[in-house]
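In what follows, a single structure is set out as structure tokens and then discussed.
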Amino acid sequence: MPFDGLSVLSLESRRATEMATLIEKQGGVACVAPSMREVPLAENDAVFRFAQSLFAGEFDMMILLTGVGTRQLDRVLAARYGPDPFRAALRRLTVVARGPKPVAALREMDVPVAVTAPEPNTWRELVAAIEGRPERRIAVQEYGRSNPELLAALRARGAAVTPVRVYQWDLPEDPEPLRTAASRLAAGEFQVALFTTAIQIAHLFRVAREQGVEGAVAARLRQMAVASIGPTTSEALEEFGIAPDLEPSHPKMGFLVQEAAARAAAILRGKPV
């Protein structure tokens, strides 16, 4: 059996039972901890207040930190206002992208980028890239976690800063299985992790941070075989310093489990102990 008794973590929610069955059929010991529930759009009050301010011309600059978050913000605002107003408003601003992922998302939206932070694309390069610019009313798109260092650096330049975070998903009604999974992960109880959406990673690190084990979770994931269903999920992993070991040949759950099972042992042999 390909997994050969390895402990496999999944944070699948809607198809949790199916995921557990797939893992077990491949010889793995499955731990499936649901990690998310859909949040009604009405609960995004802060995002819609931001949108009204944006449409009223109350910002000079918007900083987009991630491709995942840029697309999610675009989707949520399009559901309320249609696809054009947000994109048109961005075209009237100085748009700053932290790196190639938000640049790609903005290109899809036909929004020109005035400034792109150079590699390694951290908040420090971003602040340096906009040094000397006159804009002082700045919105900052956040995803998964805040960046207090960036916000503080912008405010130190005299900017009025508005963080913008979209909540299309939240923790499950019962977050205890996810919290238990984070604790077990930090303790080194899993050898393989399978991720099927970017939100799973954000929520895993959210509960890990609340429990004081965020660093341990990240360190353990770097020692494990980590499989991502596709580029968007891989980008979310990279935001937390985790390089996924594989993406399946097709972005489907069955392919993900089967191909992870086939390669897990070889991946683990190449990991630091």
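If R0 is taken as 22 Å, the Cβ-Cβ distance between R155 and V113 corresponds to a FRET efficiency of 0.45.
Which value, in Å², gives the accessible area per residue of the range 1-81 when a 1.4 Å probe is used on the protein heavy atoms?
Per residue, the range 1-81 has 44 Å² of solvent-accessible surface.
Protein-only accessible surface at a 1.4 angstrom probe places the residues I63, I229 in the order I229, I63, largest first.
Seen against the Cα atoms of the chain and their longest principal axis, helix 214-223 is set at about 50 degrees. At full extension, A266 and T180 could sit 28.2 nm farther apart than now, given 0.36 nm per residue minus the alpha carbon distance.
Computed from Cα atoms, the angle from the helix 198-210 axis to the main principal axis of the chain rounds to 90 degrees. Kirkwood analysis of the Cα pair distances in the range 168-214 returns a hydrodynamic radius of 11.1 Å. In whole percent, how big is the carbon plus sulfur part of the accessible area of the range 32-126, probe 1.4 Å, protein atoms only? Here it works out to 50 percent. Pairwise inverse Cα distances across the range 130-180, averaged and inverted, put the Kirkwood hydrodynamic radius at 13.3 Å.
Give me the log10 of I(q) over I(0) for the range 1-84 at q = 0.12, 0.24, 0.26 Å⁻¹, as the Debye formula computes it from C-alpha points; what are the numbers? Scattering profile of the range 1-84, log10 relative to I(0): -0.59, -1.13, -1.23. For the range 81-223, the Kirkwood radius over C-alpha pairs fed into Stokes-Einstein at 10 °C and 1.306 mPa s yields D = 90 µm² per second. For the residues E125, E43, a 1.4 Å probe over the protein chains yields an accessible-area ranking, largest first, of E43, E125.
Taking Cα atoms only, the orientation of helix 45-55 departs from the longest principal axis of the chain by about 40 degrees.
Within 13 Å, Cβ to Cβ, of M19, how many net charges do the neighbouring residues add up to if Lys/Arg are +1 and Asp/Glu are -1?
Result for the neighbourhood of M19: +1.
Return the aspartates and glutamates within reach of K252: Cα separation strictly under 14 angstrom, same-chain partners fewer than 8 residues apart disregarded; answer none if there are no such residues. Those aspartates and glutamates meeting the cut-off are E12, E18.
A crude spin-label estimate for the pair A79 and A104, with each label 7 Å from Cα along the Cβ direction, gives 2.4 nm. Can you work out D for the range 28-138 in µm² s⁻¹ from Stokes-Einstein, where Rh is the Kirkwood radius over C-alpha pairs, the temperature is 25 °C and the viscosity is 0.890 mPa s? Rounded, D is 160 µm²/s. Taking trypsin sites (Lys or Arg not before Pro) across the range 174-273, the ones in a DSSP loop with at most 14 further Cβ atoms lying within 10 angstrom of their Cβ are K252.
What do the square roots of 5 times the Cα gyration tensor eigenvalues come to for the chain, in whole Å, largest first, as semi-axes of the equivalent ellipsoid?
They are 36, 19, 17 Å, listed largest first.
The values are calculated or read from the model by the stated rules, or taken from the named source; none is laboratory data. Quantities reported herein were computed from a predicted structural model and do not represent experimental measurements. Quick reminder, even Gly has a Cβ in these numbers, built from the backbone with ideal geometry, and neighbours come from all protein chains shown. Calculation scope for accessible area: heavy atoms of the full protein, side chains included, ligands and nucleic acids excluded. Shrake-Rupley method; radii C 1.70, N 1.55, O 1.52, S 1.80 Å.
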